[in-house]
Amino acid sequence: MKFHEWQAKEAFAAAGMAVPRSVLAEHPDAAVAADLGWPRVLKSQVLRGGRGKAGLVVMARDQAAARSEATRLFASEHGVKRILVEEAVRFERELYLAITVDPVSGGGLVLACAEGGVEIEELAKTAPEKIVRAPVDLRDGLQPFQARAVAYGLGLGGEAAKSVARTLERLWKVFRSHDAELAEINPLFILADGSAVAGDGKLSIDDNAMFRHEALEPGREHYDSEIAFQAAREGIPYLQFDGDISLMCAGAGLTTAVYDLVNYEGGAVANYLEFGGPNYRKAVRAMELCLGNDPKVVLIVTFGTIARADVMATGIAEAIEKLKPRCPIVACIRGTGEEEAQATLRAAGLEPLSDTEEAVRMAVRLSRGGAR
Amino acid sequence: MKFHEWQAKEAFAAAGMAVPRSVLAEHPDAAVAADLGWPRVLKSQVLRGGRGKAGLVVMARDQAAARSEATRLFASEHGVKRILVEEAVRFERELYLAITVDPVSGGGLVLACAEGGVEIEELAKTAPEKIVRAPVDLRDGLQPFQARAVAYGLGLGGEAAKSVARTLERLWKVFRSHDAELAEINPLFILADGSAVAGDGKLSIDDNAMFRHEALEPGREHYDSEIAFQAAREGIPYLQFDGDISLMCAGAGLTTAVYDLVNYEGGAVANYLEFGGPNYRKAVRAMELCLGNDPKVVLIVTFGTIARADVMATGIAEAIEKLKPRCPIVACIRGTGEEEAQATLRAAGLEPLSDTEEAVRMAVRLSRGGAR
Amino acid sequence: MSIFIDRSTRVVVQGITGSEGVFWTRHMIDLGSSVVSGVTPGKEGQSVEGVPVFHTVRNAVAATGADAAMIFVPPRMAMDAVMEAMDAGIRKIVTVADGIPLHEAAIIRARALELGARVVGGNTSGVINPGFAMMGMFPYWIERVYKPGRIGVMTRSGSLTNEVTAMVVRGGYGVSSLIGVGGDPVPGSRFAEYLPDFQADPDTDAVVVIGELGGTMEEEVAAALRAGTFRKPLVAFIGGRTAPEGRRMGHAGAITSGGSGSALDKARALESAGALVADRPSAVGELLRKALGR
Amino acid sequence: MSIFIDRSTRVVVQGITGSEGVFWTRHMIDLGSSVVSGVTPGKEGQSVEGVPVFHTVRNAVAATGADAAMIFVPPRMAMDAVMEAMDAGIRKIVTVADGIPLHEAAIIRARALELGARVVGGNTSGVINPGFAMMGMFPYWIERVYKPGRIGVMTRSGSLTNEVTAMVVRGGYGVSSLIGVGGDPVPGSRFAEYLPDFQADPDTDAVVVIGELGGTMEEEVAAALRAGTFRKPLVAFIGGRTAPEGRRMGHAGAITSGGSGSALDKARALESAGALVADRPSAVGELLRKALGR
């Protein structure tokens, strides 16, 4: 789960890092009134990269500019609900600092760069030698000597080296205590006195560890749509798209393969929804979410083991009975209990298929108004 | 630094362990008035083992008994300043549970025994097979499976096994967060419902880590004498004895060797004091502490490297000048700068020696009223 | 010969008394696996499907000589269960738990590397040698999928494995050993680590890799092909070729980041290293025929 | 040959710009030790006594090929400094810090065991081969103590080492190698771990062990004698024979607990294993003569 900049900076500040003075504005008035001096920075709190290029982060020199920019941002197509209004920080240089998990070693991995504001993935391709990497054992934690080695490895000296090492130790605390996938400061400002201030903040928390971070319960604004938000509350994996074929599949890999096949066949996916694993009894709720997109067809594909075909089929029959979908339903249900499953689907008026690619082709045909 | 039972139990309770309800009484009235039901247990808060055998822990059936026992305890020769008054706990069995550091592996070591109230060191000799030992990596910490293995290793089952495992996980937290040398529960009561209650508590904290535990700053009652307390506040290693030869030496090993030699020669040590290492400039304060015991002789033996002989000798000369000791001083100062040191001592009216054993013999002779 | 397990592998089932534990213990035994003991704290002395239960893995190992651990415990307890197995000396471990916290999965991986242990999973169906033995939960009774044969399979997925393996069988082949490394971002062991075993296995003629977007496991396979450490034919299917950048497709590990880890890049890396890459499951059988020349 | 260091050992001094670092770096060089680099974060580019200073141990190792670390940093930073040295690949480390927190000393020990590194100290004067080289802070200029010769010395103490070694010299001998394992309850390395080196050292005829109450290091030496892994004459002095039970005598490691670790028990264990045990420092020379027959 990705969190907003303001949430990341709250975590950073709680860990002792310096962040710019700020006010979280939900209305242009607050962006203007905040006691932060001039100029100030207006940063739209949306979960997408490249906010600067998209004009979602702007400098305001005075009250008039702040008001007009804030008004523009709140009215933009990007669904800006909050603006983080920050004092403008005078800095001497910018750095990049991040911590993530390295799946190969099973350790933490510090990434740092003496150039801030970079796209680290871009840099990793074009100039990997500019990136300082430091593996960190998750059990030992980041040791002070490792933090120093990163700071000096960036070519820093004096007070700046010390404050970057200190900042990194604090970022490590945030990373570990938040079960982060990624904790990133980009840019990290270095001021004239060598002190470090987090200019931006990214914090992405492992969904599997969210139970340890209930206070951070993600809100509606962390999701692409109301349906996606509701699916998340049900624990049903869901992605919102804007096509007309609603996927209601079981198994992450299979659902992804079906998504590809629909695209190959020239169809357009309305949503990715996976009701396998622990959710295989939730067919009714799953179909309700799918129908919320008013799709032209619902495509059901499963090939399950524990997620038994017969149980899923019973749920689908129940869903049809209860929700009375107006659009056609294409079902291809295989796996444990598949004979009973097919019988159940037939009884519910469906024509069960047993070949995934055939089912996909049929769904695409139907979405174009074609016949079965 | 050893802490009192009541302090250990405060730490245990803060970590989520169950402890008996209690009141810390500084006067018999409080021991009687406490709302803890009858009978209750009166436990003298003194830092010595074998409190039960010494009559320092007693059961009181009623008000009269509580008053008379508390009065007796406060008036005893053991310097009882506080009594921990506890409810009597009805238990089904008693266990032993402790965590210490294993110097060979560099890990934590859990020690447990299905018999509570035992002397674990005694048991280690007579029936070592009764002790369950579990090494724990300090970096990984005690893992849940290790705690369970200890509980089941004690032959427990059902709820008791779970609560002992839970108690051990909490004891580990106390052990680590307090930089403990030893965290011990002896006995650990197991009640009829299988829950565990800490019947006693020992907590000994590493002196070298006391800087991380300022809230636990030891008080006067943690020391054998007022002089020992003052020495501790100066950071000067000191042990109180009741002989008449006051040792003012440098180096832990050498001071101990001198202590042995005095005893071999039939002398009696008034105090062990070591002003080597970082304290080698504190000769005046060290001698002041020694003279506080009103000894028959002060025996100074050093053989230092960083603790330079000439600096110590200058301090000693200054101490003699300032404190004007009435007892004789025997000085044997060797090591870096020893020629200057001997000259300085001679100028201060002393007769410097260069052989430790000769110095000890002279000190013992002088303590018996003999001549140099 | 077989990969990871055979009928002589002595399996202890952690969490054996839970409903999944009971159900799959029966099936593992039915297929022919040697399940010698189970572990559920507090239930030592009981038995499940005739298999004795112990409080701890150490007790189970001491009493029954178990040398492999099949773990059916919830994701929040998975790290502890894996650590317990490794602490008891076990070096082959399968954990099916779906939802192991990322940092704990990483610690499992790091510890396994230290000890030279192999942990399969989490978020996997496990390991199966169709017709012989399994540690995991596969519908081996579906013959059009789990037919014994000479094709090795490695996968990050569950249902998709059924889909693709059915295509292997439809193509006229069967499966020698199937390893599900799991769909998590930090699996306990990685595709490339099994290639030497498949290379050495006289019962495996070719390997099918079922990959997907995210991570670098498929690229590591490509590197092994380029390095020549794996020399048998390799066919791959990579899911998520049309997936949008930066969005997670179901599996926690299935996400591209910053232009790396895309399914298309993986397919290209594998192809340029000599693998045949299927663009859809149904193409797998044909590519195997092409690769094997029969 | 010599134990732990000789003149070819390439020493990096951590904390070289502190006052102790500067002072003892000069003396180590004077005695003949090869001090090749120093480390003080933030001071890379400076030099101390002609020795180049680096920000980190890795930098120092890369630039100067250091293979041993002499650490002069305060006790609260000692663990970090030792970890930094080990992380940089160094496997011979001396830390003199007096007051390393117990749990940190234990972690140092555990990590050193994992890596096969040898950490001498904390709370030690270090290691010296009189007349040749040292890592530590010994008054080697006092000739009646640090006279070169053929007697190995191992000690937990500082001042007492001067006292006892003076007796070795007064007895007509000199010292080959002296290892101060330090007075802490959890030293980085233990007496018995150096016995194989002394056994193999052609320049050592006998070893003097300067022990004291507390811990089990002297018992481990006795066990090595009994096992026959050390076969040269061994003379011991054990301080604290008259020490009261349960009270710490100066060194943090010097405490008996529950009747174990008493100096008397140690002396008995050593004697019964064939060592000669001096009851006072002055007896050491005579016992060496008895043991060596000359």
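The values are calculated or read from the model by the stated rules, or taken from the named source; none is laboratory data. Since the model is a prediction, treat every value here as computed from it, not as a measurement. Cβ sites come from the backbone with ideal geometry, for glycine too, and all protein chains shown count toward neighbours.
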Which one is farthest from the chain's Cα centre (by Cα), of the residues in the range D:136-183 that are charged (D, E, K, R) and more than 8 Å from chain B (Cβ to nearest Cβ)?
D:Arg170
The lone condition B:Leu109 fails out of (1) part of a strand (DSSP E or B); (2) away from chain D (no Cβ under 14 Å) is (2)
With the structure loaded, tell me whether C:Val208 is away from chain A (no Cβ under 13 Å), of a type in the set (A, V, I, L, M) and under 17 Å from the mean Cα position of the chain (by Cα) or whether it fails that test.
yes
Selected residue (only one of D:Val186, D:Val169 is farther than 25 Å from B:Gln240 by Cα, in a loop (DSSP other than H, G, I, E, B) and among the hydrophobic types (A, V, I, L, M, F, W, C)):
D:Val186
Being surrounded by 17 or more Cβ atoms within 10 Å (Cβ to Cβ), at negative phi and in contact (Cβ under 8 Å) with a residue 40 or more places away in the chain is the requirement here; does A:Phe303 meet it?
yes
If I filter the range C:79-129 down to residues being touching a strand residue (DSSP E or B) at 6+ places or on another chain (Cβ under 8 Å) and of a type in the set (Lys, Arg), which single residue comes out as farthest from C:Phe191 (Cα to Cα)?
C:Arg91
Residue within the range C:59-70 that is over 29 Å from C:Gly152 (Cα atoms), away from chain B (no Cβ under 11 Å), free of Cβ contacts under 8 Å to residues at least 60 places away in the same chain and crowded, with 24+ Cβ neighbours inside 10 Å present:
yes
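For every residue, the table says whether it meets (1) buried (at least 23 other Cβ atoms within 10 Å of the Cβ); (2) touching a Ser or Thr at 6+ places or on another chain (Cβ under 7 Å); (3) away from chain C (no Cβ under 12 Å).
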position: A:Lys162; (1), (2), (3): no, no, yes
position: A:Arg176; (1), (2), (3): no, no, no
position: A:Phe189; (1), (2), (3): no, no, yes
position: A:Gly201; (1), (2), (3): yes, no, yes
position: A:Phe211; (1), (2), (3): no, no, no
position: A:Ser225; (1), (2), (3): no, no, yes
position: A:Met248; (1), (2), (3): yes, no, yes
Please find, among D:Pro139, D:Pro196, D:Pro148, D:Pro202, the residue that is surrounded by fewer than 24 Cβ atoms within 10 Å (Cβ to Cβ) and at pLDDT below 95.
D:Pro139
Could you say whether any residue in the range A:317-327 is under 18 Å from A:Thr255 (Cβ atoms) and touching a helix residue (DSSP H, G or I) at 6+ places or on another chain (Cβ under 8 Å)?
yes
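Could you identify the single residue in D:Ile108, D:Ile128 that is buried (at least 24 other Cβ atoms within 10 Å of the Cβ) and either part of a strand (DSSP E or B) or touching a His at 6+ places or on another chain (Cβ under 7 Å) (or both)?
Selected residue: D:Ile128, the only one of D:Ile108, D:Ile128 that is buried (at least 24 other Cβ atoms within 10 Å of the Cβ) and either part of a strand (DSSP E or B) or touching a His at 6+ places or on another chain (Cβ under 7 Å) (or both).
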How many residues, within the range C:1-16, are free of Cβ contacts under 8 Å to residues at least 60 places away in the same chain and not hydroxyl-bearing (Ser, Thr, Tyr)?
3
Tell me yes or no: at least one residue of the range A:267-281 is at pLDDT below 95, over 22 Å from the mean Cα position of the chain (by Cα) and under 16 Å from A:Ala341 (Cα atoms).
yes
Which of the residues that make up the range A:117-135 are more than 10 Å from chain C (Cβ to nearest Cβ) and either under 18 Å from A:Leu188 (Cβ atoms) or touching a residue at least 60 places away in the same chain (Cβ under 8 Å) (or both)?
A:Gly117, A:Val118, A:Lys130, A:Ile131, A:Val132, A:Arg133, A:Ala134
Pull up the range B:323-348, narrow it to residues that are surrounded by fewer than 21 Cβ atoms within 10 Å (Cβ to Cβ) and among the charged types (D, E, K, R), then point me to the one that is nearest to the other protein chains (Cβ to nearest Cβ).
B:Glu339
So how many residues does the range A:129-186 have that are outside any helix (DSSP H, G or I) and acidic (Asp, Glu)?
5
Can you go through C:Ala112, C:Ala133 and tell me which one is hydrophobic (A, V, I, L, M, F, W, C), more than 26 Å from C:Ala291 (Cβ to Cβ) and away from chain A (no Cβ under 13 Å)?
C:Ala133
If I ask for residues that are touching a residue at least 24 places away in the same chain (Cβ under 8 Å) and farther than 11 Å from B:Ile300 by Cα, which ones from the range B:314-327 would you list?
B:Thr314, B:Gly315, B:Ala317, B:Glu318, B:Ala319, B:Ile320, B:Glu321, B:Lys322, B:Leu323, B:Pro325, B:Cys327
If you check B:Ala257 against the conditions, is it away from every other protein chain (no Cβ under 14 Å) and touching a helix residue (DSSP H, G or I) at 6+ places or on another chain (Cβ under 6 Å)?
no
When residues of the range A:90-114 are limited to those that are surrounded by 16 or more Cβ atoms within 10 Å (Cβ to Cβ) and among the acidic types (Asp, Glu), the one farthest from the chain's Cα centre (by Cα):
A:Glu94
If you scan the range B:227-246, which residues turn out to be aromatic (Phe, Trp, Tyr) and away from chain D (no Cβ under 13 Å)?
B:Phe229
Of all residues making up the range A:351-365, the number that are closer than 16 Å to C:Val164 by Cα and more than 10 Å from chain C (Cβ to nearest Cβ)
1
